[in-house]
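J.: Before I ask anything, let me first share the structure, which is written out below as structure tokens.
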Amino acid sequence: MLRVTVLVSGGGTNLQAILDAMDSGKIRNAQVTSVISNNAGAYAIERAKSHQIPAFVVSPKAYETREAFNDALLETVRACRPDLIVLAGFLVKIPEAMIAEFRNRIINIHPSLIPSFCGVGYYGLKVHEAALARGVKITGATVHFVDEGTDTGPILLQKAVEVREDDTPETLQRRVMEEAEWVLLPQAIDVIANQRRNGEDAK
Ligand code: GAR
């Protein structure tokens, strides 16, 4: 059974999609064993608690320096003994020491088709504002492995979503979540847990 630690910062709808997919059997041989948030007010923590999953808060505000926060985050992750770390709307830069220690075992969901609308400054609603400002007709979501760059690691899965004439950043964000993110992230975990190639059916 793959032990999964999910890192969150906000509402946690992607966390919920993972938990629902585990409950319904869409993700096999994996279990969310812990959730870590950098934000004590994140609704994602409630979602974890209602699933009886231990949730930990490691907030930068509680530490004097960034190094001290990074050390505490890494210590907390280590204590969770994850096989896989999933960044599900985690808006903090992952410390290099964590990337080195868990290389190829950290995945992230990004709400665009990388390499469009990604990198430093592109997160949450800003991604969809930029996509609408550029006038793209297709956007989507990407699950990728995390390396030292911002949104630069190897791509695991992508799914396209149509942009509509009357979209606002909010309506586009919602459609990208519903049609792409909540499908892709559980699928990526299932692929990793069961060592299947992209899209291959389970035997
Ligand atoms: C999601 O749209 C996720 O793709 C995005 O934050 C949102 C979190 O929502 N992540 C990024 O922008 C990372 N660069 P959630 O808390 O409801 O899952």
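J.: Could you check segment 105-153 and list, in sequence order, the residues that are near the ligand (Cβ under 10 Å from one of its atoms) and on the phi > 0 side of the Ramachandran plot?
T.: PHE117, GLY119, GLY121, GLY124, ASP151, listed by residue number.
J.: Given the condition open to solvent by 10 Å² or more (accessible area, probe 1.4 Å), within 16 Å of the ligand (Cβ to nearest atom), touching a Ser or Thr at 6+ places or on another chain (Cβ under 9 Å) and within 19 Å of ASN39 (Cα to Cα), answer yes or no: does some residue in segment 92-99 qualify?
T.: Yes.
J.: Let me ask something else about it. Which condition does ASP20 not pass, out of (1) charged (D, E, K, R); (2) more than 14 Å from the ligand (Cβ to nearest atom); (3) touching a Pro at 6+ places or on another chain (Cβ under 9 Å), if it passes all the others?
T.: Going through the list (1) charged (D, E, K, R); (2) more than 14 Å from the ligand (Cβ to nearest atom); (3) touching a Pro at 6+ places or on another chain (Cβ under 9 Å), ASP20 breaks only (2).
J.: Also: What's the number of the only condition in (1) in contact with a Phe, Trp or Tyr (Cβ under 8 Å, 6 or more places away or on another chain); (2) aliphatic (A, V, I, L, M); (3) within 12 Å of the ligand (Cβ to nearest atom) that LEU156 fails to meet?
T.: If we test LEU156 against (1) in contact with a Phe, Trp or Tyr (Cβ under 8 Å, 6 or more places away or on another chain); (2) aliphatic (A, V, I, L, M); (3) within 12 Å of the ligand (Cβ to nearest atom), just (3) comes out false.
J.: Condition first: within 16 Å of the ligand (Cβ to nearest atom), among the hydrophobic types (A, V, I, L, M, F, W, C), in contact with a strand residue (DSSP E or B) (Cβ under 7 Å, 6 or more places away or on another chain) and over 28 Å from GLN158 (Cβ atoms). Can you find one or more residues in segment 56-65 that meet it?
T.: yes
The values are calculated or read from the model by the stated rules, or taken from the named source; none is laboratory data. Owing to the predicted nature of the structure, the values given are computational and were not obtained by experimental measurement. Reconstructed Cβ throughout: ideal geometry from the backbone, glycine too, with neighbour counts over all protein chains shown. Each accessible area value is taken on the protein alone, full model and side chains, heavy atoms only, with ligands, DNA and RNA left out. Shrake-Rupley method; radii C 1.70, N 1.55, O 1.52, S 1.80 Å.
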